[in-house]
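Structure first, commentary second.
The values are calculated or read from the model by the stated rules, or taken from the named source; none is laboratory data. None of the values given here were measured: they were computed from a predicted structure. Here Cβ is always computed from backbone atoms with ideal geometry, including for glycine, and neighbour counts include all displayed protein chains. Please note that ligands, DNA and RNA were not included when accessible areas were found on the heavy atoms of the full protein model with its side chains. Shrake-Rupley method; radii C 1.70, N 1.55, O 1.52, S 1.80 Å.
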Amino acid sequence: MNMVPFHHIDKPNYLVIQFKDYKNILMLENYCSDPDCNCNEVLLNFAQLNEENKITNNLLNLKIDLKSGQVLDKTVVDPSVNAGAIIGEFNQHFYQFSDHLNENNEKVKHYFSTYQDITLPDDVTSLITGNNCVDYQKLFGKINQIIIDYNDESYLIEDQYCMKPTCLCNEVILVVYKPNAQRSEFIFRLDITTNKYEILKYNSDDDHNELINYIIENKIPVLKARYERMKELGEKFLS
């Protein structure tokens, strides 16, 4: 889960909260950037403002469930602060913040599920016209990489899609790496409607079938969503 500050993607309407014992507390919001993640969490940073509305010190950070308002995690930055009092008041009045926080969470999800440029890069257009698949991260950025933890190993997965709007292949090419490796472990083609796959290239002697089945079991919904986004871009720019 990658948490990003809301002000990195939109002009925020900052909330300054008046707690009983702590006045002029600025609440900074950080949201999960993965549009396919259902965590529904927000990370809130509470900071003290002075009379000139400048931050003087950070007080505490709270990870909150956006549906219930439950505190999932806390970090007390200033040990002199009465964190329990702030948390108690915030929980009591969460209903006042709920709509604001959920709306901003949706804005972040929408931002990272939307292509931000007005044209496709030339190298992407060349790949498409050459009947090649396109790496999802070329268009939507590297912030939401697909990472799988399996048998005490981490694997980074590069997912590539055909963007031709007339092609209904329902396939994705998956290139599987160990992090920081110079070459992939293996490459396979997956039909996201039938879950059938074909290994296209081996770069190691390991049996990869169990790992492939684990990827399919855990990542098919994400791959389907990303397939649709890539096809929609193809429809938008190539039709």
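Using only Cα atoms, what is the ratio of the radius of gyration of the chain to 2.2 N^0.38 Å?
Numbers: Rg = 22.1 Å, N = 239, 2.2 N^0.38 = 17.6 Å.
Against the empirical 2.2 N^0.38 Å value, I get 1.25 for the chain.
Taking the Cα atoms of the range 2-115, the ratio Rg/Rh between the radius of gyration and the Kirkwood radius comes to 0.96. The label-point distance for residue 199 and residue 220, in a model that sets each label 7 Å from Cα toward Cβ, rounds to 2.1 nm.
With the cut-off at 32 Å, tell me which of the pairs 74/138; 74/107; 63/236 have Cα atoms farther apart than that. Show your work: numbers first, answer last.
Values: 74/138 35 Å; 74/107 24 Å; 63/236 38 Å.
In this structure, 74/138; 63/236 exceed 32 Å between Cα atoms.
So for the range 124-238, Kirkwood radius off the Cα pairs, Stokes-Einstein at 37 °C and 0.692 mPa s: how many µm² s⁻¹? So the translational diffusion coefficient is about 225 µm²/s. Determine the sum of side-chain charges near residue 92: Lys and Arg each +1, Asp and Glu each -1, restricted to other residues whose C-beta is under 15 angstrom from that of residue 92. Charge balance in the 15 Å sphere: -1. Sorted largest first, the spans of the alpha carbon positions of the range 1-40 along the three principal axes are 39, 21, 11 Å.
Once the GluC sites (Glu not before Pro) in DSSP loops with at most 10 neighbouring Cβ atoms within 10 Å are cut out of the chain, the longest remaining piece is 53-239. Solvent exposure of the chain amounts to 56 Å² per residue of accessible area, where only protein heavy atoms count and the probe is 1.4 Å. Global dimensions of the range 54-93 from alpha-carbon coordinates: Rg and Dmax equal 10.8, 31 Å. Principal-axis analysis of the Cα atoms of the chain puts helix 94-112 at an angle of about 30° to the longest axis. Straightening the chain between residue 54 and residue 18 buys 11.4 nm, computed as 0.36 nm per residue apart minus the Cα-Cα spacing.
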